[in-house]
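Take a look at the structure set out below.
The values are calculated or read from the model by the stated rules, or taken from the named source; none is laboratory data. Small disclaimer: the values here were computed from a predicted structure and weren't measured. We place every Cβ from the backbone using ideal geometry, glycine too, and count neighbours over all the protein chains shown.
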């Protein structure tokens, strides 16, 4: 199984945070019993490199198990348990995957249970990212469930001594052709082990015949979340557990010079120092925080750039080699036949993930094995990081992921799990470590900032003749547009980043769509052409044309009449196998304050698995996108984050959210694609284009209104 790994997942290629200096004697001393085997660092790194290849930390490219039993287990009481390394972070894949299993096994959804993200129980998975669950994991579980179904039907036929074709499975019951005999899953499961492999040609249920999938099934375990019964990583409790806190420098990219690691005489807390790591553990969280604050540490920092020089810094530090994109035709020829030419620059700032649930981990060592409960998108990747940090084999590490309170691409790395495990190793007790909001805003990685240069040419009839597009730093996702342009040079230029950066919902697709769809709007204005018609003139992609036309129609684009204080804007795009078109309307109040009046999105991702939850996904992406479009921006100077708290970092509020209408196009003739990322990409350019329509002022930098507030 080869997962596509986008280049801007910088965090997966970054050097590990910690290189612990404990020796074998110190490690063995931490345990009173059991066998502990430390792997020599050289051997471990060699194994890791061989396993990971060029795909970053975490072991990508492994083959999936072919045995039915690795994915599906049927207990003797007839209950069904399925296994996946994917994790639930609020995107509701627990429900959609359970629907797929129930569909193929012909059982009510309540009869199937899903075990997710437990490295001791579930098959390997590269991670829950990139909108890959629906197009890759759902078909895998469908095949496993279908193979289990056919195996059970064969067993029922053998018991009745009839042809398998005469056995029917419906509503969890096996019935023979004359309906005189009935068997349940429990009847067939006694003593059964599904050791057969999944046939490569196994047939799954056609989209047109879906009965469980394709419907708005309520969220599995939804009641536990709204009643508070669900336990997040920060709710985990272990006997004798301590609370951990890490001592951190005041500036980024600092190294520890010295620290007072004297243990208190009263044993109120324990100090752990190892290389640049220094942390404390205490019986109460408040005590751990006070203890960490009391430690006198000296750090060495270096001069670092800030917001003021950021985009110039990107250009100066760009790699000489161009990457990604495409080159077709001739830029010179395209410019020569253009009636009008346009050249502009667009910028995007760093922004924070700001997840509802901060990073948290509980670590416990027992008989040489490490168990960590944590909220992460990559349980197997975190297992690898822990094994590397403590120089033990991966089979000595178990990572368990409770359903997590959001991530948005920000929980791919496991430094907080490593921190908790290092404190647990030293104290010989379980340790819980939860990052504060200040730590989240400072030490987590950010969505990459970027500067994008676009040069184009267009004929007076609206035909685009040439397109040159250069992205510095933010990434290459969705860098290639779907417009039919004969002469193109599209390139991504990696460069140094002053801040830690990495995956974010939609990756660089948001930046690239913002630049492309704003520039397209500028070309439409240049030739005095309606923005929707201009796009349709240059689009052959029928799926993109369908969402664009659908959005314009439902929004009432052709019926809109220009008002002095109002404007409408449109943007469209494609990413991760799905298509989006977004329309926005803004009003301009006295003093130039912008109010977002309404948003409409038309979205298509193939066959729809759960309509209501898909609508929630699209709406959630739009609400999240409001922040990055209008006001989210990390402010920093010389290694210091200046707005690292919610009182200074503006995220969307209820008062910011306008009426939102979602139009879904259900393409049952196409495979289902993921929907977690693509819907976010059209909002920022649609709003920016609407502001231009209302004011005549073109905004080419995100956020659009960093100092203003949407009324």
**OP:** Confirm whether residue 112 is without any contact (Cβ under 8 Å) to a residue 60 or more places away in the chain, touching a strand residue (DSSP E or B) at 6+ places or on another chain (Cβ under 9 Å), on the phi < 0 side of the Ramachandran plot and buried (at least 23 other Cβ atoms within 10 Å of the Cβ).
**Re:** yes
**OP:** Report yes if some residue within the stretch 586-605 is in contact (Cβ under 8 Å) with a residue 24 or more places away in the chain and part of a helix (DSSP H, G or I); otherwise report no.
**Re:** no
Subject >> Conditions (1) under 25 Å from residue 307 (Cβ atoms); (2) buried (at least 21 other Cβ atoms within 10 Å of the Cβ); (3) touching a helix residue (DSSP H, G or I) at 6+ places or on another chain (Cβ under 8 Å); number of the one not met by residue 652 >> reply: (2)
Original post:
residue 612: within 17 Å of residue 686 (Cα to Cα), surrounded by fewer than 23 Cβ atoms within 10 Å (Cβ to Cβ) and touching a residue at least 12 places away in the same chain (Cβ under 8 Å), yes or no?
Top reply: no
Subject >> Out of 226, 212, 220, sole residue that is buried (at least 19 other Cβ atoms within 10 Å of the Cβ) and either under 24 Å from residue 356 (Cβ atoms) or in contact with a strand residue (DSSP E or B) (Cβ under 7 Å, 6 or more places away or on another chain) (or both) >> reply: 220
Subject >> Matching residues, the stretch 547-567, being surrounded by fewer than 20 Cβ atoms within 10 Å (Cβ to Cβ) and touching a strand residue (DSSP E or B) at 6+ places or on another chain (Cβ under 6 Å) >> reply: 554, 560, 565, 566
**OP:** Quickly run through the stretch 625-648 and pick out the residues that are over 21 Å from residue 593 (Cα atoms) and touching a residue at least 24 places away in the same chain (Cβ under 8 Å).
**Re:** 634, 635, 636, 637, 638, 639, 640, 641, 643, 644, 645, 646
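Select from the stretch 156-182 the residues that are loosely packed, with under 14 Cβ neighbours inside 10 Å, touching a residue at least 24 places away in the same chain (Cβ under 8 Å) and on the phi > 0 side of the Ramachandran plot and list them in ascending order.
Listed by number, the list holds a single entry, 171.
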Subject >> Residue that is farthest from residue 593 (Cα to Cα), among those in the stretch 680-705 that are outside any helix (DSSP H, G or I) and more than 25 Å from the chain's Cα centre (by Cα) >> reply: 700
**OP:** Looking for whichever is assigned by TED's automatic domain parsing to the domain that holds residue 77 and at pLDDT below 95 here; the options are 141, 188. Which one fits?
**Re:** 188
Original post:
Within the group 260, 293, 276, which residue is surrounded by 15 or more Cβ atoms within 10 Å (Cβ to Cβ), more than 22 Å from residue 236 (Cβ to Cβ) and outside the structural domain of residue 641 (by TED's automatic domain parsing)?
Top reply: 276
Original post:
Does residue 309 satisfy the condition of being modelled with pLDDT of 95 or more, out of contact with any strand residue (DSSP E or B) (no Cβ under 9 Å at 6 or more places or on another chain) and part of a helix (DSSP H, G or I)?
Top reply: yes
Original post:
Inside the stretch 185-209, can you point out the residues that are loosely packed, with under 13 Cβ neighbours inside 10 Å and out of contact with any helix residue (DSSP H, G or I) (no Cβ under 7 Å at 6 or more places or on another chain)?
Top reply: 190, 191, 200, 201, 206, 208, 209
Original post:
Is at least one residue of the stretch 78-94 under 18 Å from the mean Cα position of the chain (by Cα), assigned to a helix (DSSP H, G or I) and at pLDDT 95 or above?
Top reply: yes
Original post:
Mind checking whether some residue in the stretch 338-358 is buried (at least 19 other Cβ atoms within 10 Å of the Cβ), on the phi > 0 side of the Ramachandran plot, part of a loop (DSSP other than H, G, I, E, B) and at pLDDT 95 or above?
Top reply: yes
Original post:
So which of 615, 619, 632 ends up being part of a loop (DSSP other than H, G, I, E, B) and touching a strand residue (DSSP E or B) at 6+ places or on another chain (Cβ under 8 Å)?
Top reply: 632
Original post:
Does residue 638 qualify as being on the phi > 0 side of the Ramachandran plot and surrounded by fewer than 16 Cβ atoms within 10 Å (Cβ to Cβ)?
Top reply: yes
Original post:
Considering 329, 325, 381, which residue is more than 21 Å from residue 241 (Cβ to Cβ), in the same structural domain as residue 477 (by TED's automatic domain parsing) and modelled with pLDDT of 95 or more?
Top reply: 329
